[in-house]
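Here, each number is a calculation from the coordinates, and none is a lab measurement. The shown structure was predicted, so the numbers you read here are calculated from the model rather than taken from an experiment. Neighbour counts are summed over all protein chains in view; Cβ atoms, including those assigned to glycine, are modelled from backbone coordinates with ideal geometry.
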Amino acid sequence: MPDPPRKVGKRRGTPSPSRLPPPPPEPALEPQLPSKRAAEPATDPQIASASSSTPSKSSSSSQGSSPKRARHPRPAVKLMPLQYETCDVKDLVLLISNMLLELIKFNDEIPLKDGRLTRFHSRAPPGIGVKDYLQRLTTHATLSPPILLSMVYYIDRLCALYPAFTISSLTVHRFLITSATVASKGLSDSFWTNNTYARVGGVSLKELALLELEFLWRVEWRIVPKPEVLVDYYRSLVERSEGFKIEEESTSEKSPSKSSSSEEEMDVTEGKEAKEKGKEEAQQ
C-alpha cells in the first residue's frame, strides 16, 4: 500500500515573512571613491620629496625653454667713398633707381591732361623695371659714375625748362636711354654709336635720333654740368637713402693740410723777425 501523504509543515528555525530582515539599500548612481589618503600607499619621504621637486624643475625648464621673439637685425650701413668717381656703379644704380621710383609713385597719381603728351611718353609702361633697365644700360653701354650723375642732373634741368615733362612710368625708360646717350657723348672721350644705344635701349634708331634732338633742344644744348654740381648730387643721393653713408675723411688726408698751414705760419714769423732785425740795423 502506498504511504499516506505527509502534511507539509513549517520547518523549525525558518523565520516567518513578517520577521524577514529588511532588504539592502539600493546602490548610488555615482559610487563614492575612497579618500586619497586611504588609497595612497605609504612611501619613503625622500622619494616623495624627490618626486615633488621634479615637477617644479620641469615647469621651470619649460618656462626657460620658451622661445623668445627674434629681434630683427639692423641693416648694415654701407660706406660710400668721398669721391664719386671711385664709387661702385652698382651702388649708384641702386640709389638712382630708388629715387626714380619715388618720383614715379608721386607723378603717376597726377592725372594726365590733354596736350601734356611729349615725345618721351610711351603708350603703356614697358615690361622691364626701372632698376633692371638702368642696370642694363650701365652694363652694356658702359656708363661711368659721372655719366649716371649727369643723368640725374638732366632731370631737374629738363623739368625746369620743359614743364610738360615729368618722370612717370610712361616717360622714365625713354628718358634714361636718351640721357645716357647724350651724357656719354658730352662727357666721355669714347662712346658707342647710336645703333648700339638703340639696340641696348630697345628703341629704333630713328626714334633714338628724334629723342636725342628733342632732348638737346629742350635743355638748350647745355649738357656738361660743373664738377661741384655732380658732387652735390652725389651727396644728396647718399644722404637721402637709408643704409648708405659717406665715409669720413681720414687723418692721413687731413694731416697734409695741417702741415702746410704750420709751414705757412713759420714763414710768416720768420718774415716778421727779419723785418725787425732790418729796422734795428737801420737805426744803429
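Below, the figures for the structure above:
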{"quantity": "Residue order, fewest to most surrounding Cβ atoms within 10 angstrom, among Val231, Val200, Val77, Val172", "calculated": "Val77, Val231, Val200, Val172"}
{"quantity": "Loop trypsin sites (Lys or Arg not before Pro), the range 213-251, which have at most 12 other Cβ atoms in a 10 Å radius of their Cβ (DSSP)", "calculated": "Arg222, Arg240"}
{"quantity": "Theoretical FRET efficiency, 1/(1+(r/R0)^6), r = Cβ-Cβ of Val77 and Asp189, R0 30 Å, to 0.05", "calculated": "0.25"}
{"quantity": "Ascending count of other beta-carbon atoms within 10 Å, so fewest first, for Lys185, Lys90", "calculated": "Lys90, Lys185"}
{"quantity": "FRET efficiency for Glu242 and Arg157, using Cβ-Cβ distance with R0 set to 30 Å, rounded to 0.05", "calculated": "0.65"}
{"quantity": "Relative packing of peptides 136-142, 92-98 - highest average C-beta neighbours within 10 Å first", "calculated": "92-98, 136-142"}
{"quantity": "Across Lys185/Lys206; Lys78/Lys185; Lys131/Lys245; Lys90/Lys113; Lys185/Lys245, pairs whose alpha-carbon gap is larger than 25 Å", "calculated": "Lys78/Lys185; Lys90/Lys113; Lys185/Lys245"}
{"quantity": "The range 211-250: GluC sites (Glu not before Pro) in DSSP loop, at most 13 other beta carbons within 10 Å", "calculated": "Glu220, Glu242, Glu247, Glu248, Glu249"}
{"quantity": "Ascending count of other beta-carbon atoms within 10 Å, so fewest first, for Asp88, Asp189", "calculated": "Asp189, Asp88"}
